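Worksheet: the structure to be examined is printed underneath.
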Amino acid sequence: MASVLRWFVGSREPHGVGEKSSVLNIGEEQTQNPYTELSPLQVHQDIVRFLVQIDDFRFASAGDDGSVFVWDVQTGEILFALNGHLQKITAVVVFRTPEVSEGKHNIILTASSDKSVIAWDCESGQQLHKISDFQSTVRTLTVIHSLDVWLSGGSEVHVWNRNFNLLCKTGYYVDGGVSALIELPKNCVAAAIGKDLIIFNVSAVSEKSDRWDISEVKILSVHQDSIRALLSVNDCMFVSGSDAGELIVWDAVDWTIQAFERKISAISSLQEAPQEGKLTAEKKTAIQHVSCDGECVFAAVGESIYVYNVQEKRVIAFQVNAHDSNIQHLANLPNRQVVSCSEDGSVRIWELRSKPELYAEPVPTGFFGLLGFGKASKQASQAAKKIQDSGVVASLDLIGDLIGHSASVQMFLYFNDHSLVTCSADQLVIIWKEGKTESRLRSLLLFKKLDENNGLQPRFALS
């Protein structure tokens, strides 16, 4: 409750005791933050690490207690409790059913440290299938909807159909196994294994045969450190990010490098100068997470956020002091907004805004120049030159700070009905809603009940 109270009063405490935080502070009044109502949901008994959206009004949460819960995002009601794993959940994905299919439901696939994967029916909550003979923990699950199959990644990559029949698998991989899988065009997938990206082709041997094949097509050994982030940008490109801070943009068809940022965080050092009398700690360079909107890649690097334009092949905006601790997850929302959550327990909303062009006035000379009256103009000129040289043409402005968790926030979901859902190491799931919208809905409901009590027809309707 202490953390909830801190959110209501708008205060924010730095992580280190007795240390003053350098992170941006939005202040007590958050006029641009729409999420002023929150509903804490506490049923998990350990860290809640995963959230997955099932449809427009349902989501599932999963964590280290091995439990999975299906929720109604509008009411906060538990629809199903999916209990079948003995250890912590390591991956969750929804295997959606094609709209043309009749009598079939969407499936939730969950993987666990108990070396099993379970399929659950989204409509009944019943367990459909369970596989318990994996050689190692399944760390990632990916669905290839065009082929109606799903892949599990651990020490091997397995290909399965909707009925949990094993279609084919790869050989055994060391170096930690597969940490991420994404779908690529032409029935291909990219797998992150240590420092390497391996491209696989998945296909049926023939139309009349039930035999499938997964074959290694190419190995991309470019990264200097382990690959931590892997994401499709669009049908033509995908990106990978490493612990060394490397961001690589790849062609999704021929797998050639389209852009290579060797240390994405280096751009901030061009415009930052150490403050006098302070020792500045070395910033972390590992890329923890990436998101994209088809045009820009948003990269979480330590406590910082960088915006990389894939067409212009440069960083166009950054925010070095975005959080007090490492960013765990970030994603872009409509209207050029970005949400990030961190180990410091906060969830922050940013807006990407274009910077006004800077024009430096001529520096005066002579007597007034000697007295230093031209110093400000000279500094403006230098600032304008730095912006021009670095390509930083936009800013990430803080417009909201959601303080409701008391421990590391693992990830979040955004719903189109203007709701956010967050999960945390404090065992909480929180549904955040727009205060104005909720107030209007309550007013309409009140008027409806008054009309019903008077025997009249409702005079108000949702627009």
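Of all the residues in the stretch 219-261, those that are open to solvent by 10 Å² or more (accessible area, probe 1.4 Å) and of a type in the set (Phe, Trp, Tyr) number 2. If the condition is being touching an Asp or Glu at 6+ places or on another chain (Cβ under 6 Å) and part of a strand (DSSP E or B), then the stretch 229-245 contributes only 242. The set of residues in the stretch 246-263 being assigned to a loop (DSSP other than H, G, I, E, B) and either modelled with pLDDT under 95 or among the hydrophobic types (A, V, I, L, M, F, W, C) (or both) consists of 252, 253, 255, 262, 263.
Is it true that some residue in the stretch 305-321 is in contact (Cβ under 8 Å) with a residue 12 or more places away in the chain, under 19 Å from residue 25 (Cβ atoms) and out of contact with any strand residue (DSSP E or B) (no Cβ under 7 Å at 6 or more places or on another chain)? Checked the stretch 305-321: at least one residue is in contact (Cβ under 8 Å) with a residue 12 or more places away in the chain, under 19 Å from residue 25 (Cβ atoms) and out of contact with any strand residue (DSSP E or B) (no Cβ under 7 Å at 6 or more places or on another chain). Meeting the requirement of 1 or more residues that are surrounded by 15 or more Cβ atoms within 10 Å (Cβ to Cβ) and under 25 Å from the mean Cα position of the chain (by Cα), the strands (runs of 3 or more DSSP E) wholly within the stretch 42-157 are 48-53, 58-63, 67-72, 78-83, 89-95, 107-112, 116-121, 140-144, 149-153. Residues in the stretch 168-198 that are within 23 Å of the chain's Cα centre (by Cα) and not in a strand (DSSP E or B): 176, 177, 185, 194, 195. All of (1) surrounded by 13 or more Cβ atoms within 10 Å (Cβ to Cβ); (2) at pLDDT 55 or above hold for residue 377 with one exception: (2).
Might you let me know whether the stretch 188-204 holds any residue that is modelled with pLDDT under 95, under 20 Å from residue 64 (Cα atoms), out of contact with any Pro (no Cβ under 7 Å at 6 or more places or on another chain) and surrounded by 15 or more Cβ atoms within 10 Å (Cβ to Cβ)? Taking every residue of the stretch 188-204 in turn, none turns out to be modelled with pLDDT under 95, under 20 Å from residue 64 (Cα atoms), out of contact with any Pro (no Cβ under 7 Å at 6 or more places or on another chain) and surrounded by 15 or more Cβ atoms within 10 Å (Cβ to Cβ).
Taking each residue of the stretch 206-230 that is farther than 17 Å from residue 159 by Cβ and looking for partners that are among the polar types (S, T, N, Q) with beta-carbon atoms closer than 6 Å, six or more apart or interchain, yields 223/242; 225/242; 227/240; 227/242; 230/240.
The values are calculated or read from the model by the stated rules, or taken from the named source; none is laboratory data. Bear in mind that the values here come from a model prediction, so they are computed numbers and not experimental data. Methodologically, a virtual Cβ is constructed for each residue, glycine included, from the backbone with ideal geometry; neighbour enumeration extends over all protein chains shown. Accessible surface is based on the protein model in full, side chains and every heavy atom, while ligands, DNA and RNA are left aside. Shrake-Rupley method; radii C 1.70, N 1.55, O 1.52, S 1.80 Å.
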